[in-house]
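This report concerns only the one structure given below.
What follows draws every value from the coordinates through simple rules; no lab data is involved. Keep in mind that what you see is a predicted model, and the values were worked out from it rather than measured. With ideal geometry, Cβ positions are generated from the backbone for all residues, glycine too; neighbour counts draw on all protein chains shown.
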Amino acid sequence: MNGGESANLQALVFKNRGLLLALPAAALLIFGRPDLFSITLGLPLAVIGELVRCWAVGYSGVTTRNDVVTAPQLITAGPYGYVRNPLYLGNFITAAGFAIAFTGGNASAVRTALIVGCLACMLAVYVIVVAHEERFLRGQFGERFEAYCARVPRIVPQLRAPQDRNGSWRPSVLVDAESKTFAIFAAMIVALFVRLRIG
């Protein structure tokens, strides 16, 4: 695959990332068998992931909902000082929490397959999405983005953020940017307890 084809594939995956990430959720809804113990373990983890996401979106704003990559400024403050992709890290933690919560009553092999499969699907999408975003940011901000990449890890957060911080947290953004995410999160919780009741 040449550079142009790779860029086109990345753009296509980025545009359809919501639909692609709905597939693991659908698998959990269809095949998951939650129990009270798995919900007790998984749901708090899902909430932590959502809080990380909200922290990130409060800095990055409504651009997180666009079908194409946009970045009016290079945000390096808040969670972006610890890790370059805090929003996706939050999503991954939330997904891990729901995967645990939904599969407590499944046989061990099925539970493992569902958890690993769901998270692997997310990881595959995010590998492509992050590459696409970084290509854009490199073109948009050049050496500033390269310097940021040198200071801040891509996936695993560092313990101390650099002093160079750009951006501020705006809680008002969450209403516009996260209403859909909050609705999906609530629907997953309702589905979790419905599945618990019907077995």
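Pairs please, first residue from region 129-141 and closer than 16 Å to Leu89 by Cβ, second anywhere and part of a helix (DSSP H, G or I) and among the charged types (D, E, K, R), Cβ atoms under 9 Å, 6+ apart in sequence or on different chains. Once the first residue is closer than 16 Å to Leu89 by Cβ and sits in region 129-141, its partners that are part of a helix (DSSP H, G or I) and among the charged types (D, E, K, R) give Val129/Arg17. If the condition is being of a type in the set (Gly, Ala, Ser) and part of a helix (DSSP H, G or I), then region 130-163 contributes Ala131, Gly139, Ala147, Ala150. Of the residues that make up region 72-93, is at least one in contact with a Gly (Cβ under 7 Å, 6 or more places away or on another chain), over 23 Å from Leu137 (Cα atoms) and not aromatic (Phe, Trp, Tyr)? Scanning region 72-93, I find at least one residue that is in contact with a Gly (Cβ under 7 Å, 6 or more places away or on another chain), over 23 Å from Leu137 (Cα atoms) and not aromatic (Phe, Trp, Tyr), so the answer is yes.
Looking at Arg170, is it closer than 16 Å to Ser60 by Cβ and among the charged types (D, E, K, R)?
Details: closer than 16 Å to Ser60 by Cβ: yes; among the charged types (D, E, K, R): yes.
For Arg170, the condition - closer than 16 Å to Ser60 by Cβ and among the charged types (D, E, K, R) - is met.
In this structure, Gly139 qualifies as among the small types (Gly, Ala, Ser) and within 24 Å of Asp164 (Cα to Cα). Scanning region 146-180 for residues that are farther than 22 Å from Asn91 by Cβ and either acidic (Asp, Glu) or surrounded by 13 or more Cβ atoms within 10 Å (Cβ to Cβ) (or both) returns Glu146, Ala147, Arg151, Pro162, Asp164, Arg165, Asn166.
Looking only at region 100-114, residues that are part of a helix (DSSP H, G or I), within 11 Å of Phe31 (Cα to Cα) and touching a residue at least 12 places away in the same chain (Cβ under 8 Å) come to 3 in all. Residue selection: Cys118 satisfies the criterion of being buried (at least 17 other Cβ atoms within 10 Å of the Cβ) and in a helix (DSSP H, G or I).
Within region 40-91, being assigned to a loop (DSSP other than H, G, I, E, B) and surrounded by 20 or more Cβ atoms within 10 Å (Cβ to Cβ) holds for Ile75, Thr76, Val83, Arg84, Asn85.
The residues in region 181-199 that are loosely packed, with under 11 Cβ neighbours inside 10 Å and either part of a helix (DSSP H, G or I) or in contact with a helix residue (DSSP H, G or I) (Cβ under 7 Å, 6 or more places away or on another chain) (or both) can be counted, and the count is 5. Can you spot a residue in region 60-83 that is under 13 Å from the mean Cα position of the chain (by Cα), under 30 Å from Ala107 (Cβ atoms) and of a type outside the set (D, E, K, R)? For region 60-83, residues under 13 Å from the mean Cα position of the chain (by Cα), under 30 Å from Ala107 (Cβ atoms) and of a type outside the set (D, E, K, R): absent.
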